[in-house]
Every structure is written in C-alpha cells, then in structure tokens.
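Here's the structure, in structure tokens; my notes come after.
The values are calculated or read from the model by the stated rules, or taken from the named source; none is laboratory data. What you see is a predicted model; the values in this text were computed from it and never measured. Heads up, the Cβs are rebuilt from the backbone with ideal geometry, glycines too, and the neighbour counts pull from every protein chain shown. Heavy atoms of the whole protein, side chains included, go into the accessibility calculation; ligands, DNA and RNA do not. Shrake-Rupley method; radii C 1.70, N 1.55, O 1.52, S 1.80 Å.
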Amino acid sequence: MKKSKTMIVCFLTPALVFFVVVFLYPICRTFAMSFFQVTELSDPVSKWRFVGIDNFTKLLNTQIFQISMTNIAKIWLFGGVLVLVTAMLFAVILTSGIKGKSFYRAVIYMPNIINAVAMASMWIHFVFNKRFGLLHSFFDMLGAEQLALTDYMNGSIKFWALLAAYSFGSVGYYMLIFISGIERLPTDIFEAATIDGANRFRQFTKITLPLLRGVIRTCITFWTIGVVGFFVWSQMWTSPQASELSSITPFVYMYTITFGTQASTERAAGMGAAVGVVMTLVVLIAFFIINRLVKNDDLEF
C-alpha cells in the first residue's frame, strides 16, 4: 500500500508542479497585477504601484474598449446564429442518407484545418480586394457596378466582412459535433414517427432538437470560448492606425496596451491584466446564463 502511494505521488508531483508554474501562478499574478499600475510585464513587484480598481474604472470608460466589447458581442450573437444554424442544417442534410456525404463532410470541414492567418489572408487579398477580388469580379460580371466598386475592407462594412469570413471557417467544426449527436439518436424513434405520419420537419422540431439539447449547449459553450478569445482574425483585419476601430476586439486591445504598437510605445500591463480579468468574468457569466437557459434535462431514448 505504501509503495502504491509513493508511486501515485511520484506520478502526480510533476503534473502538479507543471500546473502551478504554467497555469496557476500566471493566473494569480495577472489577477493581482490588474489592481496595480504596471508598465512592463517583466517589471518586478517592487515597481508595482497599487491603484485599486482604477484600472477597471478607466477601462470601462475607455471608448476603444467599449467598441471592442460591442464588436465581440455582435460576433457572438450574429455569428453564433449564422454558424450554429448553418452547421445544424448541414448536419441534418448529411445524416439524411444523401450520397457522397463523406466527401461533402470533408469539403465543409476543410477550412478548419487551414491556418487562421492563411485563411484571413486569403479572404483579405483574394475575396474582398476592391481591385481584383472574387466579389469584385463576380459583381462586375453581373453588371452591378456599385457592389463591384464597394471597398469591403474599409468603413463599417469591414466588420461584417470579418464576421462573414470567420463564420465561413467555423461552420465545419460545429457541423461535425451536430453530426455526431444526430448519429447517436436511435433510428426506431424516427421510424415510429414516420409510421404515425410525422413529416421530416415535425420530426426535426419534436424529436431531433429536444434530444440534441445537450449537444446544442456544448456548441454554444465552445462558440463562447472561441469568440471571447478572438484575436488572430481581428489582428489581421485591424489597421495599426489608432483611428481604425471597426474590427478591434478586447484581446487585440489588450495586446496593444500591454506591448504597445509601432505608432505608440506607451504600455500599461496593469490595464492589460484588467482586460483579462474582465473577459474572464464575461465567460463565467455567459456560462451561468447558458446553463440556466439551455438545461440538459434527462431525456431517455
């Protein structure tokens, strides 16, 4: 028995030390830093100046942060509806006995295996380019001059271009989750419903959706985590100029004020830490609301 305990301790100690050093310590340090005025991340604690909740007060009153929070909320809401509904539609179609479903499944999922930087570059330079982009050529062919000359990388439309591109690359991931959930459902329930005269739409609304409640909650949770950590796409879309805010998100703002930019060398690591704490609270609140609204009731099948 003593040897077993010794072996357990030997195996658990490295993992525990790794967790404390790599995860727990940075989390505690970031939380503490959010209450101090800190210039550089590498500054020793002796240089920290306690300011209480001033970082949070200043942050919530900063226009750039307010715009970034509005952008992330729109990505979560509008993008979430677009991605999850489209993914569910594809999942239902591909599990309905269609021929070549493996091929279509691979094609729809393919954008997920491409690097985010490469995907964003493709959309920016080959789809939304106002001179030789795909949309420009398509609308020019149709004779729609106004749409062909539209600059999708400037103004308020820039954000919606970002949202469309990001949503396109996200559908395949959630489609596979929905497919795995649908394929777990017993076929005899649908056979009985067909015999009783229920059409496909009624079977979907009365059988498939209720039984996929837990899967839907999982997808909403994953989508929330992905959106809160939205960085690469926004960084690729956001201009380094301070006046360009249409596509900025909280983590891009956090990166900017923590490490500075070419246009500004001013740094405020304490404010950056405050952004991280606020976004953590946003995630916790979102999880609480999701668990309250989308309850995973025990349904037998």
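On segment 86-236, 64 percent of the accessible area sits on carbon and sulfur atoms, based on a 1.4 Å probe.
For the peptides 87-93, 97-103, 53-59, the ranking by mean Cβ contacts within 10 Å, running from highest to lowest, is 87-93, 53-59, 97-103.
The charge dipole of the chain, taken about the Cα centre with unit charges on the Cβ atoms of Lys, Arg (+1) and Asp, Glu (-1), comes to about 680 debye, rounded to the nearest 20.
Placing R0 at 22 angstrom, the Cβ-Cβ distance between residue 125 and residue 231 gives a FRET efficiency of 0.65 after rounding to 0.05. Radius of gyration over Kirkwood radius for segment 125-271, both on Cα atoms: the Rg/Rh ratio is 1.16. Reported value for segment 60-218: 170 Å³ per residue, from the convex hull of its C-alpha atoms.
Of the DSSP H helices in the chain, those that are both long (alpha-carbon extent of 18 Å or more along the helix axis) and hydrophobic (Kyte-Doolittle mean at least 1.0) are 2-19, 80-94, 157-183, 213-228, 269-293.
Put simply, the chain fits an ellipsoid with semi-axes of 39, 33, 18 Å; these come from the alpha carbon gyration tensor as the roots of five times its eigenvalues, largest first. Computed over the chain, relative contact order equals 28 percent, with contacts defined as Cα pairs under 8 Å that lie 6+ residues apart.
Taking amide H as placed 1.01 Å from N in the peptide plane, the amide H of residue 36 sits under 5 Å from that of 51, each at least 5 places away or on another chain. Each label was represented as a point 7 Å from its Cα along the Cα-to-Cβ direction; for residue 164 and residue 112 these points are 2.4 nm apart. Under the criterion of Cα pairs below 8 Å and six or more residues apart, the relative contact order for segment 16-128 equals 12 percent. Put the Cα centre of segment 195-238 next to the Cα centre of segment 78-127 and the gap is 14 Å. Ranked by the mean number of other Cβ atoms within 10 Å of their residues, highest first, the peptides 191-200, 245-254, 113-122, 71-80 fall in the order 245-254, 71-80, 113-122, 191-200. Each peptide in 168-176, 212-220, 182-190 receives the mean, over its residues, of other Cβ atoms within 10 Å, and ordering these scores from highest gives 168-176, 212-220, 182-190.
Rounded to the nearest 500, the 222 nm mean residue ellipticity of the chain from helices alone is -19000 deg cm²/dmol, with -39,500 (n - 2.57) taken per DSSP H run of at least 4 residues. Rounded to the nearest angstrom and listed largest first, the equivalent-ellipsoid semi-axes of segment 1-103 from its Cα gyration tensor are 42, 34, 9.
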